[in-house]
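Peer 1: Before I ask anything, let me first share the structure, which is written out below as structure tokens.
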Amino acid sequence: MSNLERAIADIVIANRILAHQGVVDAYGHVSIRHPDNPERFLLSRSRSPELVEARDIMEFTLDGKVVGDDRRPPYLERFIHGGIFEARPEVMAVVHSHAEETLPFGLTDVPLKPVIHVASAIGGPVPVWDIAEKFGHETNLLVTNTDHGRDLAKRLGNGKVTLMRGHGFAAAGQTVQDVVRLAVYLPVNARVMTAAMRLSPNFKALAPGEMEGRNTFNPKAPESWRAWEYWARRAGVSDLLGEVP
């Protein structure tokens, strides 16, 4: 299997996992930087993640333009992916989700913090990107052009995730396994934190030392592959996994 074929298979796996885990529904998407050309990225045509197949994957330049004469409709918000890939050369995969558990933290002054160990890779309090800050209140909150995407990428900065006011979140990772894991556990972390705040305003988030060392992700490590394989099998795409590391 070539690098490109492996990347396409991984995008399909990622879409199916995120759908099965309830991180995305009819909307939301995941991309991978092109393994042979860092100035391009791979993303499905406009299709619900649970239905994505290898033949649905399209190729884009970092400004969101379709490569070649593929005339199938792309996602409107492909500029989320292009903006982050352009700003962060080390990022190899991006997820956009509307997970409702995260939405309240983009609407209030309560910062979303990592409170459980499986979400420690979130890092410190998650920043919030409000499209109205630069583009006013006349948008539909969607990231539909390169200016939107680049502004979102600035708010993400060097972090792994940013919330999007009234919209969802965008997450970045050094591998597709990394970003899928982050996207799966971010809503879980939000649910746990919300439940803790109902019990007491004095909940205890993870300390800096408890998050150190969690930003380095090895997709071939046994504990990493275990989750990837488990989620893929439950999502019905274990045939795309390839050899166990």
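The numbers here are math on the coordinates, done by the rules we state, and not lab data. Remember, it's a predicted structure, so these values are computed and weren't measured experimentally. Methodologically, a virtual Cβ is constructed for each residue, glycine included, from the backbone with ideal geometry; neighbour enumeration extends over all protein chains shown.
Peer 1: Which of K113/K154; K65/K134; K113/K220; K134/K204 have a Cα-Cα distance over 30 Å? Don't skip to the answer; put the middle values down first.
Peer 2: Working: K113/K154 20 Å; K65/K134 23 Å; K113/K220 27 Å; K134/K204 34 Å.
Exceeds cut-off: K134/K204.
Peer 1: With a length cut of 20 Å (Cα positions projected on each helix's long axis) and a Kyte-Doolittle mean of at least 1.6, go through the chain and give me the DSSP H helices that pass. Provide the component values of the computation, followed by the final result.
Peer 2: Values: long enough: 3-20 (25 Å, 0.60); 176-199 (35 Å, 0.83).
Helices passing the filter in the chain: none found.
Peer 1: For Y75, what residues show an amide H to amide H distance below 5 Å, using hydrogens built from the backbone and excluding near sequence neighbours?
Peer 2: HN-HN under 5 Å from Y75: S46.
Peer 1: What number comes out for the charge environment of M58, summing +1 per Lys or Arg and -1 per Asp or Glu over other residues with Cβ under 12 Å away? Don't skip to the end; give the middle numbers.
Peer 2: Values: positive: R40, R45, R47, R55, K65, R71, R72, R78; negative: D56, E59, D69, D70.
Once all neighbours under 12 Å are counted, the net charge is +4.
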